[in-house]
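Here's a structure for you.
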Amino acid sequence: MKNIVILISGGGSNMAAIVRAAQQGQWAQRHGAQVAAVISNKADAKGLQFAQENGIATAVLDHKGFGSREDFDAALMQRIDQYQPALVVLAGFMRILTPGFVAHYAGQLLNIHPSLLPAFPGLHTHQRALDAGCKFAGCTVHEVTQELDAGPILEQAVVPVLPDDTAETLAARVLTQEHIIYPRAVLNFIKNKS
C-alpha cells in the first residue's frame, strides 16, 4: 500500500477533498494508495476532526514546543516516517520547511499554492494579483524543492478575476479549483510512482 501523509495547520479543506476523492475513487482497491495519516502543528486544527471521523490516524506536533525549526522538522520527519509514506502532501501547512526536511522527502513532497506560479510566490497572492491588475488568477500544484514555490508544476487551474473582486472573493473562487486539481494531482503522482 502506498501511504499518503497529509500535513495541515487549519480547516483542512484540501485534505478533506483528497480524502473524499480517495474514498469515492476507491484508491486503495484500484491504485493501492491510501491516506494513512493527517498530522498538524496545531492541536485545534479543525481538519483533525474530519480525518478522525473518516478513520484516518491523526497526530499533533506543536512547533512551539521545539527550540528551533530544525528540531521541529526532525521530530516531524520521525512522526511521518512511521507511516512509510510514498507521498507527503502539504495542505495548508503553515510552516516554512527546513532544507533537511525538503531533502529527506525529495521527489515525494507536494504543495498547492493559490496563484498561477511562477507568478506571486509566497503570501498574499490574491491581493497581489488584484493589485497587479490580473485578468486571471488560479492555483498550482507543485513538487516542493529548496526554493519557495519554485518546484516542478504538476497541475494548474485558472479562474477569471471579476471587476468587483476582493482578495476574499477571489480566494473563495480559487479554493473551489484547488479542491478539484489537488486530489487529481495526488492520484496522478501516486499512479506514476508505480
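The values are calculated or read from the model by the stated rules, or taken from the named source; none is laboratory data. Model, not experiment: these values are computed from the prediction. Here Cβ is always computed from backbone atoms with ideal geometry, including for glycine, and neighbour counts include all displayed protein chains.
Output the number of the condition that residue 42 fails; it satisfies all remaining conditions of (1) more than 17 Å from residue 14 (Cβ to Cβ); (2) of a type outside the set (A, V, I, L, M); (3) surrounded by 14 or more Cβ atoms within 10 Å (Cβ to Cβ); (4) in contact with a Ser or Thr (Cβ under 6 Å, 6 or more places away or on another chain).
Only one criterion is unmet by residue 42, namely (1).
Quick check on the stretch 80-116: of everything there that is among the small types (Gly, Ala, Ser) and touching a strand residue (DSSP E or B) at 6+ places or on another chain (Cβ under 6 Å), which residue is nearest to residue 42 (Cα to Cα)?
92
Restricting to the stretch 8-40, what's the tally of residues that are in a helix (DSSP H, G or I) and under 17 Å from the mean Cα position of the chain (by Cα)?
Summing the residues that are in a helix (DSSP H, G or I) and under 17 Å from the mean Cα position of the chain (by Cα) in the stretch 8-40 gives 10.
Pick from the stretch 60-97 the residues that are among the basic types (Lys, Arg) and surrounded by 14 or more Cβ atoms within 10 Å (Cβ to Cβ): which of them is modelled with the lowest pLDDT?
Across the stretch 60-97, the extreme among qualifying residues is 95.
Looking at (1) of a type in the set (A, V, I, L, M); (2) within 24 Å of residue 149 (Cα to Cα); (3) not in a helix (DSSP H, G or I), which one does residue 43 not meet, given that it meets all the others?
So residue 43 meets the others, but not (2).
Output the qualifying pairs, or none if there are none: Cβ atoms under 7 angstrom, residues six or more apart or on different chains, first residue in the stretch 82-104 and more than 24 Å from residue 13 (Cα to Cα), second residue in a loop (DSSP other than H, G, I, E, B) and not charged (D, E, K, R).
Here the result reads 99/146, each pair linking the stretch 82-104 to a residue that is in a loop (DSSP other than H, G, I, E, B) and not charged (D, E, K, R).
Still on this structure: In the stretch 48-59, is there at least one residue being surrounded by 13 or more Cβ atoms within 10 Å (Cβ to Cβ), touching a residue at least 40 places away in the same chain (Cβ under 8 Å) and either touching a Lys or Arg at 6+ places or on another chain (Cβ under 7 Å) or outside any helix (DSSP H, G or I) (or both)?
No; the residues of the stretch 48-59 include none that is surrounded by 13 or more Cβ atoms within 10 Å (Cβ to Cβ), touching a residue at least 40 places away in the same chain (Cβ under 8 Å) and either touching a Lys or Arg at 6+ places or on another chain (Cβ under 7 Å) or outside any helix (DSSP H, G or I) (or both).
Results for (1) without any contact (Cβ under 8 Å) to a residue 12 or more places away in the chain; (2) within 20 Å of residue 96 (Cα to Cα); (3) of a type outside the set (Val, Ile, Thr), shown as yes or no for each residue.
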residue: 139; (1), (2), (3): no, yes, yes
residue: 144; (1), (2), (3): no, yes, no
residue: 149; (1), (2), (3): no, yes, yes
residue: 162; (1), (2), (3): yes, no, yes
residue: 173; (1), (2), (3): no, no, yes
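Can you tell me how many residues in the stretch 175-186 are in contact with a strand residue (DSSP E or B) (Cβ under 9 Å, 6 or more places away or on another chain) and under 15 Å from residue 153 (Cα atoms)?
Of the residues in that region, 6 qualify.
Would you check which residues across the stretch 1-41 are over 14 Å from residue 87 (Cβ atoms), of a type in the set (D, E, K, R) and either touching a residue at least 24 places away in the same chain (Cβ under 8 Å) or in contact with a Pro (Cβ under 6 Å, 6 or more places away or on another chain) (or both) and list them?
Result: 20, single match.
Out of the residues in the stretch 86-97 that are part of a loop (DSSP other than H, G, I, E, B) and of a type in the set (A, V, I, L, M, F, W, C), which is nearest to residue 3 (Cα to Cα)?
The qualifying residue nearest to residue 3 (Cα to Cα) is 91.
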